[in-house]
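Presented below is the structure to which this report refers.
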Amino acid sequence: MRYRIIEFAELASTNRHACAQLRELADGDVIQAAIQTAGHGRLQRRWLSHVPGNLCLSLVLKPRHAAPAALPLVNLSQLLALGVCRVLEAQGVCATIKWPNDVLVGGRKIAGLLAETVFQGAGELVGMVLGLGVNLNLTAKMLDTIAQPATSLAVETGNPVEVAAFRDAVLRDFFTACDEFLGSGFSMIRQAYLARCPFLGSQVEIRRAMAEPLRGVAQDILPDGALELVTADGTVHRVDLGEMFAG
Ligand code: BTN
């Protein structure tokens, strides 16, 4: 699949820009900003990106392969997270995934994804915006200002990182696989994804919007990318959405 990078020196948020311009943007457009003044993540968190040297971009996807309900839209962020892992590994860094799509190194977050899907009328897909932030050149001092444990590629390797080279490697990985993935779904990457899930078998807590947290053992990642969790009373739960924390 072809893609086109549209670069900005500064945006409030690449996701916000891509969502606002979604009707004018094309499938495969990539909005990148050198800095974001209001970068944000899931659960209303801010994403530290007001300093240059990091990867802040949003992919615009308008798949027309099938009706939206038949497309693995929710899994696209898992494909992108896996791609980020592969690019980090190519640089000698061991990366893992915290379901569904956080990328960690040594248990510290290095990349986060924010997917937003826009529909109109009777379920017509306008498009999807898949935001990706990767800490590439944040210093240890800057990382200390983040509320949760975080790291950057430069801290991990001891070397400065070239943002464009990292971006191109991630986008190549994602867009090379994207068409086939839209046809076959999560099962295409399940084994590679599972190989990077060290939390399986551990006690976790899943926080969900509008629902009580769920605590239990993370047992498996199902063939469609959902999490299988077993609570203390032995009940097996399927979890489609949520944020995972050590339980
Ligand atoms: C998270 O882990 O909660 C998701 C973080 C997503 C951050 C990226 S940076 C590029 C894009 N623009 C945003 O405002 N957020 C996403």
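Rule-based calculations on the coordinates, nothing more; no lab input. Predicted model only: the values in this text are computed from it and were never measured. Note that we place each Cβ from the backbone using ideal geometry, even for glycine, and neighbour counts take in every protein chain shown.
Couple of notes before you dig in:
- Convex hull volume of the C-alpha atoms in region 55-186, normalised per residue: 108 Å³.
- Rounded, prolate or oblate (a/c below 1.5 giving rounded, otherwise prolate when a/b exceeds b/c) for region 203-246 by Cα gyration tensor: oblate
- With contacts taken as Cα pairs under 8 Å and at least 6 residues apart, region 203-246 reaches a relative contact order of 39 percent.
- Site pair Gln44 and His65 shows an inter-label distance of 3.7 nm when each label is modelled 7 Å from Cα along Cα→Cβ.
- Backbone HN-Hα couplings from phi across region 103-118 [Karplus 6.51/-1.76/1.60, Hz, Gly and Pro as x]: 10, 10, 10, x, x, 10, 6, 10, 8, x, 10, 9, 9, 10, 10, 10
- Reachable lysines from Lys109, criterion Cα separation under 19 angstrom, eight or more residues apart if same chain: Lys98, Lys141
- Net charge of neighbours whose Cβ lies under 15 Å from the Cβ of Leu43, counting Lys and Arg as +1 and Asp and Glu as -1: +3
- Per-residue 3J(HN,Hα) values for region 41-49, derived from phi via the Karplus relation 6.51 cos²θ - 1.76 cosθ + 1.60 with θ = phi - 60°, read x, 6, 6, 6, 6, 8, 10, 5, 8 Hz in sequence order (x marks Gly and Pro).
- Distance between the pseudo-spin-label points of Leu194 and Ala9 (7 Å out from Cα toward the beta carbon): 5.0 nm.
- Remark on Ala34: its backbone amide H falls under 5 Å from those of Phe8, Ala9, Glu10, a criterion applied only to residues 5 or more positions apart or on other chains, H modelled at 1.01 Å from N.
- Each residue of region 194-203 was assigned a 3J(HN,Hα) from its phi angle through the Karplus curve 6.51 cos²θ - 1.76 cosθ + 1.60 (θ = phi - 60°); the sequence is 4, 5, 10, 10, x, 6, 4, x, 9, 6 Hz, with glycine and proline shown as x.
- Cα-only radius of gyration and Dmax that characterise the chain, units Å: 17.5, 53
- Bridge orientation summary for region 1-64: considering DSSP beta bridges with both residues in this region, about 35 percent are antiparallel.
- Here's how it looks for Gly127: its modeled amide H is under 5 Å from those of Val118, which are all 5 or more places away or on a different chain.
- Where the Cα pairs of region 111-201 fall when distances are cut into 5 Å bins, in %: 3, 10, 12, 18, 19, 17, 12, 7, 2, 1, 0
- Relative contact order for the chain, counting Cα pairs under 8 Å that sit 6 or more residues apart, in percent: 16 percent
- Overall, the chain carries a charge dipole of about 260 debye about its Cα centre when +1 sits on the Cβ of Lys and Arg and -1 on the Cβ of Asp and Glu, all other atoms neutral.
- Among Leu104, Leu25, Leu43, the largest mean-square fluctuation in a Gaussian network model of the chain, built with springs joining Cα atoms closer than 10 Å, belongs to Leu43.
- Listed peptides 199-206, 75-82, 92-99, 63-70 appear in the order 75-82, 92-99, 199-206, 63-70 once ranked by packing, highest mean of other Cβ atoms within 10 Å at the front.
- Taking label points 7 Å from Cα along the Cα-to-Cβ direction, Asp168 and Glu228 give a separation of 4.2 nm.
- Environment charge at Val74 (Cβ cut-off 11 Å; Lys +1, Arg +1, Asp -1, Glu -1): -2
- The residues packed around Ser187, meaning those with a beta-carbon under 13 Å from its beta-carbon, carry a net charge of -1 if Lys and Arg are +1 and Asp and Glu are -1.
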